[in-house]
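Contents: one structure, followed by commentary.
Coordinate-derived values only; no laboratory data. For clarity, every value in this text was computed on a predicted model and none was experimentally measured. Note that we place each Cβ from the backbone using ideal geometry, even for glycine, and neighbour counts take in every protein chain shown.
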Ligand code: DX5
Ligand code: ZN
């Protein structure tokens, strides 16, 4: 499979969001990654449903919603109603992860589970075949523009190995500090989806930057 690129809207220009969405629409971006933060699970607050709902009206790109919130199970139907393609919940935020994953799928969305940098991939062994995506955090969640955590490349390899041992078709997505250099190493290790925020939106030509990430 050719890998996918999911630019993170957190790094967009919120004063000119329409312009940035237009840019994404004409780019090779496969998904749009939306970072929802509650100031409790992570030490920052971003944006919520009004933004997702508005976005859905102006783009056909699948929306990849990354919930950095406590009790994400409370919002399954709202995230589905907002038109999300993928709902990503944190392993660390779900006591009854299996139940939440089933609820996400029953609501008609793809189910993703996100791991913080300190959470071992092996903890997903018994649920892996139920997951559409595993999102590996390669920075501590909460902020864009942070330094890539090197150990993430090895985590991708370990997860790739677990996925093939389980005969699963789960995608490996990586989020945080992705650029052409870290992105290439992640793809070589077996990643399927790269999230990139600042590297895309701070570049001079974001459409070209997405093209280069897509062609790693
Ligand atoms: C971090 C978010 C990321 C972030 C990535 O909490 O989950 O999606 O926006 O930003 P960059 O690519 O700038 O590290
Ligand atoms: Zn994210």
Quick one: is residue 181 part of a helix (DSSP H, G or I), within 16 Å of ligand 1 (Cβ to nearest atom) and free of Cβ contacts under 8 Å to residues at least 24 places away in the same chain?
yes
Of all residues in the range 77-86, which are surrounded by fewer than 21 Cβ atoms within 10 Å (Cβ to Cβ) and touching a strand residue (DSSP E or B) at 6+ places or on another chain (Cβ under 7 Å)?
83, 85
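Rundown of residues vs (1) closer than 29 Å to residue 78 by Cβ; (2) touching a helix residue (DSSP H, G or I) at 6+ places or on another chain (Cβ under 9 Å), yes/no style:
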{"site": "106", "(1), (2)": "yes, yes"}
{"site": "111", "(1), (2)": "yes, yes"}
{"site": "121", "(1), (2)": "no, yes"}
{"site": "124", "(1), (2)": "yes, yes"}
{"site": "133", "(1), (2)": "yes, no"}
{"site": "147", "(1), (2)": "no, no"}
{"site": "158", "(1), (2)": "no, yes"}
{"site": "162", "(1), (2)": "no, yes"}
Return the only residue of 24, 34 being closer than 26 Å to residue 213 by Cα, within 16 Å of ligand 1 (Cβ to nearest atom) and part of a helix (DSSP H, G or I).
24
Scanning the range 36-48 for residues that are free of Cβ contacts under 8 Å to residues at least 40 places away in the same chain and within 16 Å of residue 10 (Cβ to Cβ) gives 36, 38, 39, 45, 46, 47, 48
In the range 70-83, how many are in contact with a helix residue (DSSP H, G or I) (Cβ under 7 Å, 6 or more places away or on another chain) and either assigned to a helix (DSSP H, G or I) or under 17 Å from residue 31 (Cβ atoms) (or both)?
6
Please indicate, with yes or no, whether at least one residue in the range 164-177 is in contact with a helix residue (DSSP H, G or I) (Cβ under 9 Å, 6 or more places away or on another chain), in contact (Cβ under 8 Å) with a residue 24 or more places away in the chain, assigned to a helix (DSSP H, G or I) and away from ligand 2 (no atom under 16 Å from the Cβ).
no
Go through the range 15-42 and count every residue that is over 25 Å from residue 71 (Cα atoms) and within 16 Å of ligand 2 (Cβ to nearest atom).
3
What's the number of the condition residue 211 fails, among (1) more than 21 Å from residue 46 (Cα to Cα); (2) surrounded by fewer than 17 Cβ atoms within 10 Å (Cβ to Cβ); (3) touching a residue at least 12 places away in the same chain (Cβ under 8 Å); (4) touching a helix residue (DSSP H, G or I) at 6+ places or on another chain (Cβ under 9 Å)?
(4)
The residue from 89, 101, 40, 65 that alone is within 16 Å of ligand 1 (Cβ to nearest atom) and either surrounded by fewer than 20 Cβ atoms within 10 Å (Cβ to Cβ) or in a helix (DSSP H, G or I) (or both) is 40
Residues satisfying the stated conditions in the range 1-21, i.e. part of a strand (DSSP E or B) and surrounded by 22 or more Cβ atoms within 10 Å (Cβ to Cβ):
5, 6, 7, 8
Within the range 111-165, the residues that are away from ligand 1 (no atom under 16 Å from the Cβ), crowded, with 21+ Cβ neighbours inside 10 Å and within 17 Å of residue 92 (Cβ to Cβ) are 111, 121, 124, 131, 159
